[in-house]
Amino acid sequence: MKYSTFTMLFITVLILSSCAPTPKIVTLPSGEQGLSISCEEFLSKCYQEARKSCPNGYEVKSRTPGSDILVPVYNLIIVCK
């Protein structure tokens, strides 16, 4: 019984943590400072986070699709204007 409760709690935390993309500061090869935004399932979540992070606009430097077993994962590298 304890095993199933722990498993359900772990899955819930995993799902909730993957819902909101979190931008991370990165240094690009050009020396520019940018943001790396990873999101699962919908690329539109990445773009929403980019708009929040860069209210004056941004330039997409890289957009990389991937997958995590069953869920598509995207990574967006942007530079704020």
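Read-outs throughout are calculated quantities, based only on the coordinates presented, and are distinct from any laboratory measurement. What you see is a predicted model, and the numbers here were worked out from it, not measured in a lab. Neighbour counts are summed over all protein chains in view; Cβ atoms, including those assigned to glycine, are modelled from backbone coordinates with ideal geometry.
For the reader, a short list of remarks on this structure follows.
- Label point of residue 69 set 7 angstrom out along Cα-Cβ; within the stretch 40-55, amide nitrogens under 20 Å from it belong to 40-42.
- Peptides 24-34, 41-51 ordered by packing proxy, namely the average of other Cβ atoms within 10 Å per residue, highest first: 41-51, 24-34.
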